[in-house]
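Read through the structure below, which is laid out as structure tokens, and then see the notes.
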Amino acid sequence: MRKYRVPLPPPPAKRYKLTLLPSGKVYEVDPAALPYSRHGLPGSVLDVVSAQDEHLIEHTCGGVQACSTCHVYVEQGAESCNEASEREEDYLEQARAVKLNSRLACCCVPDGTRDVVILVPEWNKNEVKENS
Ligand code: FES
């Protein structure tokens with residue numbers, strides 16, 4: 001079995017806005033209030049979104065980096081996000097329609113220096129529902 005070293009990225013150091021597409025919902029992220037939920041790394045996109053909207057980003061494994069259902073595209077602010085770990089990259093390889101700006105929402109932790117725009121692929125949600 002392959003072993004992974006998964007370093008914990010630092011949580012955001014500043015307040016910032018996370019916009020989720022296609023819904024257009026904006027989340028004001030307050031680093032002092034993290035973690036928001038029990039899903040994903042503290043301060044991750046999944047942590048922020050699932051605290052208010054449990055079903056806007058699918059997360060079959062519960063955010064423990066063991067599936068690829070939380071695949072999202074970072075449309076803006078990628079430079080403020082942690083680098084993908086080897087484990088994340090391995091799971092991303094299993095996702096559909098991977099692009100250069102693909103991330104797993106449970107692993108992607110913005111540092112707060114930029115506002116971030118995240119696009120959730122519609123087909124991702126449909127695939128989970130059809131297979132459940
Ligand atoms: S929720 Fe499973 S890898 Fe992110």
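Structure above, values below:
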quantity: For region 16-131: rounded, prolate or oblate by the Cα gyration tensor [a/c cutoff 1.5]; calculated: rounded
quantity: Stretchable slack from Glu54 to Glu28, in nm (0.36 nm times residue separation minus alpha-carbon distance); calculated: 7.7 nm
quantity: Cysteines in the chain lacking a second Cys C-beta under 4.7 Å; calculated: Cys70, Cys81, Cys106, Cys107, Cys108
quantity: Peptides ranked, highest mean first, by Cβ atoms within 10 Å: ranges 46-58, 30-42; calculated: 46-58, 30-42
quantity: Mean separation of Cα contacts under 8 Å (6+ apart) over length of the chain, as relative contact order %; calculated: 33 percent
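Any read-out appearing in this document is the output of simple, stated calculations on the displayed coordinates, not a laboratory observation. Values in this document were obtained by computation on a predicted structure and should not be read as measured data. Ideal geometry is used to build each Cβ from the backbone, glycine not excepted, and the neighbour counts take in all protein chains shown.
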